[in-house]
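The values are calculated or read from the model by the stated rules, or taken from the named source; none is laboratory data. What you are looking at is a predicted structure, and each value in this text was computed from that prediction instead of being measured. Here the Cβ positions follow ideal geometry from the backbone for every residue, glycine too, while neighbour counts run over all protein chains shown.
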Ligand SMILES: [Zn+2]
Ligand SMILES: [Zn+2]
C-alpha cells in the first residue's frame with residue numbers, strides 16, 4: 001500500500017511476515033529474511049553455479065587462513081608462478097622458432113607462407129609487453145608538484161620508492177603498476193570518477209592501498225609474471241568465442257572484428273587451447289597470490305587513511321557501476337554537464353535503506369572491483385579486524401584542493417573517454 005502524502009509504502013514481508021516500510025521510489029526489501037534481494041545465481045547454468053561456488057570456497061578458505069594467522073608467506077606460490085611464467089615465454093619463443101623452421105620442410109610455398117605467417121603472428125601478438133604510456137596524457141612531477149609531494153609523504157610511510165607517473169583514468173577504480181623497460185617507471189592510475197566521490201581520509205586510504213601494491217611483493221608486478229599474464233590475456237583473447245562477433249575495443253576507438261581476425265582466431269585455436277590451460281593455472285596461482293597482496297594493500301590503506309576511512313572507501317566501491325552510469329546519463333544529454341557533481345551527488349541521494357540494499361545485493365553477487373580483488377565483503381571484514389590508529393597523514397583542505405586541481409587538469413581527456421564509452 002502506498003501513501004502518496006508521505007511517499008512511503010508499507011507491506012507485509014512475503015518471506016517472514018514482518019511489516020515493511022520503504023520509500024516508494026525504491027524497491028521494497030526485507031532486511032530480516034532477505035526477501036526482495038537479488039539471487040545472482042538464478043540465471044547461471046548448473047555447471048557455472050558449481051564453478052562459482054568452488055572458486056568462492058577457495059577464496060573463503062584463504063580468507064579464513066589469513067584472518068586467523070595474518071598474511072602468509074608467498075615462497076612456494078612465487079616459485080610455481082615463476083615457473084609457469086617461464087613456460088609461457090618459452091612457448092612464445094617456440095612458436096616463433098617453429099614458424100621459421102617451417103621454411104625447411106618440404107611443402108608448397110603457399111602453405112609455408114600461410115603457416116609460418118600465422119605462427120609468427122601468434123608469437124608477435126603474444127610477445128612479452130612491458131606496458132606503454134606513449135599515447136595518453138599523464139602527470140609527472142613537474143606537472144603536479146602538490147600531488148607528488150603528497151605521494152612522496154605517503155610512499156615514505158608505505159616504504160615504497162617514489163612514484164614516477166600519475167595517470168588519471170575514467171574508471172571507478174585505481175591501480176598501481178609499471179610501464180616501460182628502461183627506465184621501468186612506477187605508475188599510479190587514479191580513476192577520477194572514484195577519486196571524485198572520496199573524502200580526504202578516504203583519498204589517503206586509496207593511496208595507501210595502491211602504494212601497498214608496490215611493497216607487498218605482488219607477483220603481478222614482477223617483470224616475469226606480469227609479462228606472462230599479459231601474454232596469456234592475449235591468448236585468452238584469441239580463444240574468446242565472442243571474438244567472432246564482438247566489437248574490438250582499442251582505447252577510446254571501437255572497431256568490428258574483421259574477416260581476417262576471425263579466420264586467424266580459428267586457425268590459432270589449437271595453440272590457444274594449450275595456452276588457455278596455462279592461463280588457467282597461472283591465473284589460479286596469481287589469484288591466490290593476489291588475494292594475499294590485496295589484503296596487505298588493504299592493511300596499508302587502513303594505516304594511511306585510518307580504519308574508518310578504509311572501511312568507507314570499501315563501502316563506496318559497491319556503487320561503482322551505478323555512479324559511472326549516472327555520470328554517463330548526464331553526459332548523454334549534455335556533453336558539458338557537471339558530471340563530477342552528479343557523481344558526488346549520486347550516492348548521497350540514496351536513502352540508507354537503498355544503500356544497504358545495494359551493498360547486500362553486491363555481497364550476494366560476490367562484488368569485487370575487478371577479477372584480481374577479493375570480494376569487497378571479505379576485504380571489509382579484514383580491514384574491520386585491523387587496529388584503528390587514525391590517519392597517518394594530515395591532509396588539509398587547501399592541500400586537497402591543490403591535489404584535486406592537478407588531477408582534474410586532465411579532466412577533458414577523461415571526459416572524452418567517458419563519452420566514448422557512453423553506450424557500454
Ligand atoms: Zn522478511
Ligand atoms: Zn588492489
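Taking the listed residues 300, 313, 331, 288, the one that is in a helix (DSSP H, G or I), surrounded by fewer than 22 Cβ atoms within 10 Å (Cβ to Cβ) and within 15 Å of ligand 2 (Cβ to nearest atom) is 288, with no other qualifying. Annotation note: of 44, 8, 20, the sole residue that is away from ligand 1 (no atom under 15 Å from the Cβ) and in contact with a strand residue (DSSP E or B) (Cβ under 7 Å, 6 or more places away or on another chain) is 8.
With respect to the conditions (1) surrounded by 17 or more Cβ atoms within 10 Å (Cβ to Cβ); (2) closer than 28 Å to residue 368 by Cβ; (3) without any contact (Cβ under 8 Å) to a residue 60 or more places away in the chain; (4) more than 16 Å from ligand 2 (Cβ to nearest atom), residue 147 falls short on a single one, namely (3). Considering each residue of segment 117-138 in turn, none proves to be in a helix (DSSP H, G or I), under 31 Å from the mean Cα position of the chain (by Cα) and under 26 Å from residue 357 (Cα atoms). Considering only residues in segment 169-184 that are away from ligand 2 (no atom under 14 Å from the Cβ) and closer than 20 Å to residue 293 by Cβ, the one that is surrounded by the fewest Cβ atoms within 10 Å (Cβ to Cβ) turns out to be 184.
Under 25 Å from the mean Cα position of the chain (by Cα), in the same structural domain as residue 297 (by TED's automatic domain parsing), surrounded by 11 or more Cβ atoms within 10 Å (Cβ to Cβ) and more than 16 Å from ligand 1 (Cβ to nearest atom): does that describe residue 77? Here the answer is yes, as residue 77 does meet what is asked.
Mind checking whether some residue in segment 316-330 is more than 21 Å from the chain's Cα centre (by Cα) and modelled with pLDDT of 90 or more? Yes, segment 316-330 has at least one match.
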